[in-house]
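The structure appears below as structure tokens.
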Amino acid sequence: MHAIDDVVGGPALAQVRELRTPIPGPRSTEMLARKREAVADGVGITLPVFVDAAGGGIVRDIDGNSLIDLGSGIAVTSVGNAHPGVVAASAEQLGRFTHTAFTITGYEGYVAVCEALNRITPGDHAKRSALFNSGAEAVENAIKIARAATGRSTVVAFDHAYHGRTNLTMALTAKSMPYKRGFGPFAGDVHRAPMSYPFRDGRTGEEAARIAIERIERQVELDEIAAVIIEPIQGEGGFVVPADGFLPALADWAASHGIVFIADEIQTGFARTGEMFASTHSGLVPDLIVTAKGIAGGLPLSAVTGRAELMNAAHAGGLGGTYGGNPVACAAALASIAAFEDGLVERARAIGDIIRERLEALRTTDPRVGDVRGHGAMMALELVDPGTGRPDAALTARAAAAAHAAGVIVLTCGTDGNVIRLLPPLSIGDDLLREGLDVLSDAIARG
């Protein structure tokens, strides 16, 4: 197992928060002006700085400001930015060849990544995998596979879900703004069911599952449903952790009706929650599992892994894509998986203990902190009006902006925009993590 200090990566960045200019600084301000002239307005930037280097728990901008990273590029750089193993493996592959298209001429890296995914994903049944570029692309292909395997077309998704920004995945995604507004019409044959949300509904997992199943069975004929797709812990929807028993009950119901159960582990996968995959927390063995984000240390790669008989249902040539399973990304993925298995799962649990202790202490003193939830290095707090319990998106926005100005990168989420999510790289040191949490706590207190 590597010590955290041994895997900081990137240039020799001091693991210290330091602000040399206001945020944004003058050089970042100049770059923002260039962005406005060159980049479509629909592409926003949450924190208006431009990055020069990153590693460990630090992101350094072009003005020399060193910010504490509690976002990991939305759970992508889980092994740490510029992890030495990822850099070395990628550089070695870059020197040999950068692309052939696996569907034209194959290469070992693609096969090796599929072998690794088949090994580490939940379940000991025979599996197959296929590689793609983005999470949304993998979700679309998982739906294709389920439809091919079942001969059915309907897909069930859940309230607060987020599955991507392509046409089909926008239909699966619940939140309209900013993901869907003005982009319809969307793909059909998608139905939505209520999610288990313990903070808001107070139901047991079994009760929530019964309500969801009854809703589904009223909306659509069972022999028309190809798949149910769900995030074991919802990401953009607010880091919603379903009540115990909810996911297994849904999986059992799906299995009893020949419905493919798809776990979207794009944000939860690869040690993020203190298990290699979040499905493990519920004892869940999905039929298909979708991965991306943390899979390749920052390089674009995604995958669908699942039961061999399902994965093999698509005809030859039906799955693929020009860049899917790029050889450099595959090399990075193999190095990342090795790092996850070399102590980073345990590291995620330790990070989660630190975060939970700090956030729970905050909740006991501030009634605006309605809920603290998550697992491992995927934790969140939900901010509410203490009098009504209603979501407080304005406070959330103010607190996030104050943290940014103080040099801490945090992200917001939630259907109502009132959740602050924490996704630190697993390479962050304890002292830096605690400092970031102190800054965030102060930002909320002053909000």
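When region 129-158 is filtered for residues that are free of Cβ contacts under 8 Å to residues at least 60 places away in the same chain and among the acidic types (Asp, Glu), only Glu140 remains. Note on region 410-447: residues that are small (Gly, Ala, Ser) and over 24 Å from Leu344 (Cβ atoms) total 6.
Determine, yes or no, whether Thr322 is assigned to a helix (DSSP H, G or I), surrounded by fewer than 21 Cβ atoms within 10 Å (Cβ to Cβ) and polar (S, T, N, Q). For Thr322, the condition - assigned to a helix (DSSP H, G or I), surrounded by fewer than 21 Cβ atoms within 10 Å (Cβ to Cβ) and polar (S, T, N, Q) - is not met.
Answer yes or no as to whether Arg349 is within 27 Å of Gly85 (Cβ to Cβ) and not assigned by TED's automatic domain parsing to the domain that holds Glu137. Yes; evaluated as a whole, the condition is true for this residue. Taking the listed residues Ala333, Ala348, Ala316, Ala338, the one that is out of contact with any Pro (no Cβ under 6 Å at 6 or more places or on another chain), under 22 Å from Thr105 (Cβ atoms) and in a helix (DSSP H, G or I) is Ala333, with no other qualifying.
Taken over region 187-239, the criterion of being in contact with a strand residue (DSSP E or B) (Cβ under 8 Å, 6 or more places away or on another chain), of a type in the set (Phe, Trp, Tyr) and under 25 Å from Leu168 (Cβ atoms) is satisfied by Phe239 alone. Quick check on Phe50: is it surrounded by 18 or more Cβ atoms within 10 Å (Cβ to Cβ), in contact (Cβ under 8 Å) with a residue 12 or more places away in the chain and in contact with a Gly (Cβ under 8 Å, 6 or more places away or on another chain)? So Phe50 fails the test. The residue that is surrounded by the fewest Cβ atoms within 10 Å (Cβ to Cβ), among those in region 114-128 that are in contact (Cβ under 8 Å) with a residue 60 or more places away in the chain and closer than 22 Å to Asp342 by Cβ, is Ile120. Scanning region 160-186 for residues that are under 17 Å from the mean Cα position of the chain (by Cα) and over 12 Å from Glu140 (Cα atoms) turns up His160, Ala161, Tyr162, Thr173, Ala174, Lys175, Tyr179.
Kindly list, by first and then second residue, each pair from a residue in region 276-291 that is modelled with pLDDT under 95 and assigned to a loop (DSSP other than H, G, I, E, B) to a residue that is basic (Lys, Arg) and surrounded by fewer than 23 Cβ atoms within 10 Å (Cβ to Cβ), limited to pairs with Cβ atoms under 9 Å and residues at least 6 apart or on different chains. From region 276-291, no pairs qualify. Residues of region 53-82 that are in contact (Cβ under 8 Å) with a residue 60 or more places away in the chain and of a type in the set (D, E, K, R): Asp69 alone.
Among the residues in region 248-262, are any aliphatic (A, V, I, L, M), touching a Pro at 6+ places or on another chain (Cβ under 6 Å) and crowded, with 24+ Cβ neighbours inside 10 Å? There is no residue in region 248-262 that is aliphatic (A, V, I, L, M), touching a Pro at 6+ places or on another chain (Cβ under 6 Å) and crowded, with 24+ Cβ neighbours inside 10 Å. Condition test on Val240, is it buried (at least 24 other Cβ atoms within 10 Å of the Cβ), in the same structural domain as His163 (by TED's automatic domain parsing) and among the β-branched types (Val, Ile, Thr)? Taking the combined requirement at face value, the residue satisfies it. If you go through region 271-281 and pick out every residue that is surrounded by fewer than 24 Cβ atoms within 10 Å (Cβ to Cβ) and not aliphatic (A, V, I, L, M), you end up with 5.
The values are calculated or read from the model by the stated rules, or taken from the named source; none is laboratory data. Since the structure is predicted, the reported quantities are computational estimates derived from the model, not experimental observations. Positions of Cβ are generated from backbone atoms using ideal geometry, with glycine treated the same way; all protein chains shown enter the neighbour counts.
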